[in-house]
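The values are calculated or read from the model by the stated rules, or taken from the named source; none is laboratory data. Keep in mind that this is a model prediction, so the values were computed, not measured. Heads up, the Cβs are rebuilt from the backbone with ideal geometry, glycines too, and the neighbour counts pull from every protein chain shown.
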Amino acid sequence: MNVWKRIYSLYGTVIFFSVFLLLLPFFFLTIEIPGFKRYGRKLNRLWSTLFFGFLLIRVKIENLDNLLSHKGPFVIVSNHFSYLDIPALGLIPTEMVFVGKASLGNVPLFGYMFRNLHIAVNRNSLKSRGESMLRAKEMLDEGASVVIFPEGGINSPAPPLLGKFKDGAFKIAEDKQIPVIPITLSFNHLILPDDGRFLLRHMTAKVVIHPPVHWNTKNTKSVSEVKEQCRQVIQRQLLSDNPAATALSTSSTN
């Protein structure tokens, strides 16, 4: 069985980079022509669509109206358990800027695209974190939603249990007084676990878009309250979609 998973995984890797190289000239044009970067971010959606299509993996996006029926932009927060998370979120039909680890910006060719269309941050550098927050606010001012993984990377020791959420995403949303949209990625940790083996499993992926969390202008919510509300929404969905994890969740809280 692992032999077939390895073949499938190698195929997936080839598809991922082949589609990127096919789109690279168009990425280059959207980056180098002033005012065209938003079209480059739309190319990310095409890249994700072709990637999952060639893998024959269906991605179910639930409650899309929770995003499209509200006036944006938004700060989008999601669980982060797998390298499939960014491609899966990339299927959502709206302009999004991802905040990702700085090492992504160092990958040949791919790094050129990521640095110019998205935000690379060194989470160990206070200066880099501050600059990334300023860039995120600039992107929001330009009308693009910003996607931040509030766990600060793939940090959970036991998916689908969430790691601790950091404040950054919620401070940005509070400063700009814009809603936060929690999104749950239910099965990516099963399709491509972060266990060092890089073995793909063929199954349906699921993206659940939850209602926006607004800042209450009369009785102002604190960053910690909004952060905890979003965390609970995502965790409940994860446990609902992964019932075998409920016992683990119970034991971890005892």
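At-a-glance table
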| read-out | value |
| --- | --- |
| Residues within segment 158-180 that are outside any loop (DSSP other than H, G, I, E, B) and β-branched (Val, Ile, Thr), tallied | 2 |
| Candidate set from segment 21-36 (those that are of a type outside the set (A, V, I, L, M) and more than 21 Å from the chain's Cα centre (by Cα)); member that is surrounded by the most Cβ atoms within 10 Å (Cβ to Cβ) | 30 |
| Yes/no for residue 18 being under 19 Å from the mean Cα position of the chain (by Cα), small (Gly, Ala, Ser) and at pLDDT 95 or above | no |
| In segment 184-208, residue surrounded by the fewest Cβ atoms within 10 Å (Cβ to Cβ) [restricted to those that are farther than 16 Å from residue 86 by Cβ and of a type in the set (A, V, I, L, M, F, W, C)] | 203 |
| Members of segment 73-122 that are in contact with a helix residue (DSSP H, G or I) (Cβ under 6 Å, 6 or more places away or on another chain), among the polar types (S, T, N, Q) and surrounded by 19 or more Cβ atoms within 10 Å (Cβ to Cβ) | 79, 82 |
| Candidates 128, 132, 156, filtered to the one that is out of contact with any Pro (no Cβ under 9 Å at 6 or more places or on another chain) and within 30 Å of residue 4 (Cβ to Cβ) | 156 |
| Residue in segment 87-109 that is basic (Lys, Arg) and in a helix (DSSP H, G or I) present | no |
| Residue 39 being surrounded by fewer than 18 Cβ atoms within 10 Å (Cβ to Cβ) and farther than 21 Å from residue 101 by Cβ | yes |
| Top-ranked residue of segment 101-119 - restricted to ones that are at pLDDT 95 or above and in contact with a strand residue (DSSP E or B) (Cβ under 7 Å, 6 or more places away or on another chain), ranked as farthest from residue 134 (Cα to Cα) | 114 |
| For residue 153: the one exception among (1) surrounded by 17 or more Cβ atoms within 10 Å (Cβ to Cβ); (2) of a type outside the set (Phe, Trp, Tyr); (3) in contact with a Lys or Arg (Cβ under 9 Å, 6 or more places away or on another chain); (4) part of a loop (DSSP other than H, G, I, E, B) | (1) |
| Lone qualifier among 72, 143 - being at pLDDT below 95 and either small (Gly, Ala, Ser) or part of a strand (DSSP E or B) (or both) | 72 |
| Test: residue in segment 188-206 that is in a strand (DSSP E or B) and modelled with pLDDT of 95 or more | yes |
| Meets criteria (at pLDDT 95 or above, of a type in the set (Phe, Trp, Tyr) and farther than 26 Å from residue 171 by Cα) for residue 51 | yes |
| Given (1) within 24 Å of residue 196 (Cα to Cα); (2) surrounded by fewer than 21 Cβ atoms within 10 Å (Cβ to Cβ), index of the condition residue 61 fails | (1) |
